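Reading through the structure tokens given below for one structure.
The values are calculated or read from the model by the stated rules, or taken from the named source; none is laboratory data. In this text, all values refer to a predicted model and were calculated from it rather than measured experimentally. Cβ sites come from the backbone with ideal geometry, for glycine too, and all protein chains shown count toward neighbours. Each accessible area value is taken on the protein alone, full model and side chains, heavy atoms only, with ligands, DNA and RNA left out. Shrake-Rupley method; radii C 1.70, N 1.55, O 1.52, S 1.80 Å.
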Amino acid sequence: MSKQISRKFYFPFLIIFSIIIGFAGWYEIYQYFFSEQGIVRLNWHVDIEQPTHSKLILDETAPLSVDGSVYTKYTYDRKTIQKLKKKEYWIKVSNNNIKNLNQRVTEYNNAILKYPVHSMKSRQNLLENPVVFNENCYYYVKRDKEKQYQYAIFILNPSEKKLYLLEYYF
């Protein structure tokens with residue numbers, strides 16, 4: 001009788017346990033490939049941690065190609081921003097490099113603001129959502145190895161708990 005009772009509980013437990021493991025696996029696949037963090041990891045091979053909120057400021061990519069500019073602002077909680085700040089790829093913004101970083105961001109903005117092919121809505125969004133950085137921030141510039149004109153500028157502002165991602169595809 002004891003074997004029969006254990007089988008009655010064993011099989012349902014095994015089925016429930018298998019379902020839980022299956023959902024956990026699908027959740028991990030979703031996080032890796034389809035979340036904000038996963039998409040950045042796939043596009044640029046950079047781990048940005050999972051944000052609490054993301055806002056797509058600008059998306060000027062053509063519908064049937066990947067050419068264009070994308071600007072996204074990510075918001076983090078205090079614990080995650082500290083974890084993100086410890087990543088090894090960051091370069092601290094300093095007096096020596098702030099001018100260069102400012103020039104890169106300005107060039108990115110000017111590529112959108114100067115040319116009439118970009119929509120007024122994109123221009124307005126760009127002006128209303130400036131990239132805010134100072135000497136307490138960090139940055140990282142990632143170039144695509146195969147397509148030298150494609151790049152991403154990551155700017156981490158820990159005091160605002162924000163990560164600005166400026167992507168340029170050409």
Quiz item: Rounded, prolate or oblate: which fits the stretch 39-112, taking a ≥ b ≥ c as square roots of the Cα gyration tensor eigenvalues, rounded meaning a/c under 1.5, else prolate when a/b beats b/c?
Solution: oblate
Self-check item: 17 Å Cα-Cα reach of Lys55 towards lysines, excluding residues that sit fewer than 8 places from it in its own chain
Solution: Lys73, Lys121, Lys161, Lys162
Quiz prompt | Cα-projected label distance for Leu56 with Ile39, points at 7 Å along beta-carbon direction, nm | solution = 0.5
Practice problem: Be a star and scan the stretch 134-162 for residues whose amide nitrogen sits under 20 Å from the point 7 Å along the Cα-to-Cβ vector of Asp67. | Solution: 144-152
Quiz item: Rounded if a/c is under 1.5, else prolate if a/b beats b/c, else oblate: with a ≥ b ≥ c from the C-alpha gyration tensor eigenvalues square-rooted, which is the stretch 78-132?
Solution: oblate
Self-check item: Potential extension, Val46-Gln82 segment - 0.36 nm per residue separation minus Cα distance
Solution: 11.3 nm
Quiz item: Can you pull the percent of the stretch 42-170's accessible area that's carbon plus sulfur, 1.4 Å probe, other chains left in place?
Solution: 50
Quiz prompt | Rough spin-label spacing in nm, given labels placed 7 Å along Cα→Cβ, for Tyr89 and Lys121 | solution = 3.0
Quiz item: List the aspartates and glutamates whose alpha-carbon lies under 13 Å from that of Lys83, not counting same-chain residues fewer than 8 positions away?
Solution: Asp47, Glu49
